[in-house]
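K.L.:
Sharing a structure, written as structure tokens. Questions coming.
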Amino acid sequence: MMGIITILIFVVLLAVPGFYIITRKVFPKGSKKSAMWISILLTILLVGILAAVTATTPV
């Protein structure tokens with residue numbers, strides 16, 4: 001269980017800056033605040049998908 005939590009923490013640490021950079025490149029005239037919100041929402045979606053897949057995968 002602790003391994004899954006560690007993996008999800010690393011996903012968050014890597015995904016937020018990555019999505020932020022991608023969002024700033026895709027929408028160069030958008031505000032930094034909007035880019036941060038979009039990157040946080042995408043990260044939450046990614047973590048949710050990973051948690052759901054992990055929870056439903058049989059051992």
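All of the numbers you see were taken from the coordinates with simple rules; none came from a lab. The shown structure was predicted, so the numbers you read here are calculated from the model rather than taken from an experiment. Cβ: placed from backbone, ideal geometry, glycine included. Neighbour counts: every protein chain shown.
K.L.:
Can you work out ³J(HN,Hα) from phi for every residue in region 10-27, in order, using Karplus 6.51 cos²θ - 1.76 cosθ + 1.60 and θ = phi - 60°, giving whole Hz and x for Gly and Pro?
P.N.:
Rounded to whole hertz, the list is 5, 4, 5, 5, 8, 6, 4, x, x, 5, 5, 5, 4, 5, 5, 6, 6, 10.
K.L.:
Scan region 1-36 for trypsin sites (Lys or Arg not before Pro) in coil per DSSP, keeping those whose Cβ has at most 16 other Cβ atoms within 10 Å, and list them by number.
P.N.:
Those that pass, being in a loop and sparsely packed, are Lys29.
K.L.:
Right, something else. Any idea what angle helix 32-56 forms with the longest principal axis of the chain, computed on alpha-carbon atoms, 0 to 90 degrees, nearest 10?
P.N.:
Approximately 20 degrees, to the nearest ten.
K.L.:
Once every DSSP H run of n ≥ 4 in the chain is given -39500 (n - 2.57) and the sum is divided by its residues, what mean residue ellipticity at 222 nm do you get, rounded to the nearest 500 deg cm²/dmol?
P.N.:
-30000 deg cm²/dmol
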